[in-house]
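A quick write-up on the structure given underneath.
The values are calculated or read from the model by the stated rules, or taken from the named source; none is laboratory data. Model, not experiment: these values are computed from the prediction. A quick note on method: Cβ atoms are made from the backbone with ideal geometry, for glycine too, and the neighbour counts reach across all protein chains shown. Areas reflect the complete protein model, heavy atoms only, side chains present, ligands, DNA and RNA absent. Shrake-Rupley method; radii C 1.70, N 1.55, O 1.52, S 1.80 Å.
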Amino acid sequence: MKTAIFARVSTSDGRQSTDRQVNELLDLCTRQNWQVIETITENVSGAKTRADRPGLERLIEIAQSGKIKKVVISEISRLGRNVSDGIAVIDTLTKSGVSIYIQNIGLETLLSDGKPNYMFKPILLTLMGFAELEREQIRERVKSGLDQARRAGKTLGRPEGTTKSADDLLAQYPAVIRKLKSGLSIRETAKLCDVSPATVQKVKRALYGAG
């Protein structure tokens, strides 16, 4: 069974690593005698859109090419923390005849005969809903913490005079880069990538320089 391993963590600042996920999934594939064709890792928030997730784009690419028949992930939130986006990814893989095996619950989206596992759908919706709820709770806790810090008179944000580096911007917004390189305007790019024109302008400066 030709298989891809897909692992994701939310940050790229060194505080999180995909190593544990990858090692556990490699062990799983060895035990199941699944042939690992490719290992794909991402250091990006699962709340990002598919266009801003090059690892996910690569996974869909090899699935649609027929190179794999199975994807193994540690848990459903690795695909994303948004129900609608997660379902869309799963549907895309299913239409390509690729089953998704979720390690922590031991279930997959297709049966051995390649037909959809309809018993899995309600479980999937529940798990994706919990992942999205968890993301919203984290966001609310962060917002609450920031509000409390402001009330206490603390200075928030980056130290004065510091900005995000050009490399950081280019790594964070691959979809913006692709749209700019295709010749779209700043306003068109901002609309298609769901970011502000100011962000697109910063990415453009990082990509082409101040001139």
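Would you call G114 at pLDDT below 95, more than 22 Å from N33 (Cα to Cα) and not polar (S, T, N, Q)?
Details: at pLDDT below 95: yes; more than 22 Å from N33 (Cα to Cα): no; not polar (S, T, N, Q): yes.
No.
Can you tell me which of (1) free of Cβ contacts under 8 Å to residues at least 24 places away in the same chain; (2) under 16 Å from V98 (Cβ atoms); (3) touching a strand residue (DSSP E or B) at 6+ places or on another chain (Cβ under 7 Å) is the one V22 doesn't meet?
(2)
Give the residues of the range 45-57 that are aliphatic (A, V, I, L, M) and modelled with pLDDT of 80 or more, sorted by residue number.
Passing the criteria: only L56.
Could you list, in sequence order, all residues of the range 30-51 that are under 8 Å from the mean Cα position of the chain (by Cα) and over 17 Å from S74 (Cβ atoms)?
A47, K48, T49, R50
Tally the residues that are within 18 Å of the chain's Cα centre (by Cα), in a helix (DSSP H, G or I) and not acidic (D, E), restricting the search to the range 168-183.
Total satisfying the criteria: 9.
Conditions tested, residue by residue: (1) among the charged types (D, E, K, R); (2) touching an Asp or Glu at 6+ places or on another chain (Cβ under 9 Å).
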residue: D19; (1), (2): yes, no
residue: C29; (1), (2): no, no
residue: A51; (1), (2): no, yes
residue: V98; (1), (2): no, no
residue: G106; (1), (2): no, no
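Select from the range 21-44 the residues that are among the β-branched types (V, I, T), within 13 Å of F6 (Cα to Cα) and open to solvent by 60 Å² or more (accessible area, probe 1.4 Å) and list them in ascending order.
Passing the criteria: I37, T39, T41.
When you look at L180, is it surrounded by 15 or more Cβ atoms within 10 Å (Cβ to Cβ) and either modelled with pLDDT of 80 or more or hydroxyl-bearing (S, T, Y) (or both), yes or no?
Working: surrounded by 15 or more Cβ atoms within 10 Å (Cβ to Cβ): yes; either modelled with pLDDT of 80 or more or hydroxyl-bearing (S, T, Y) (or both): yes.
Yes: the conditions hold for L180.
Look at the range 45-74 and say how many of its residues are free of Cβ contacts under 8 Å to residues at least 40 places away in the same chain, open to solvent by 20 Å² or more (accessible area, probe 1.4 Å) and not basic (K, R).
Going through the range 45-74 one residue at a time, the tally reaches 6.
Out of the residues in the range 184-211 meeting the condition of being at pLDDT 85 or above and outside any helix (DSSP H, G or I), tell me which one is surrounded by the fewest Cβ atoms within 10 Å (Cβ to Cβ).
S185
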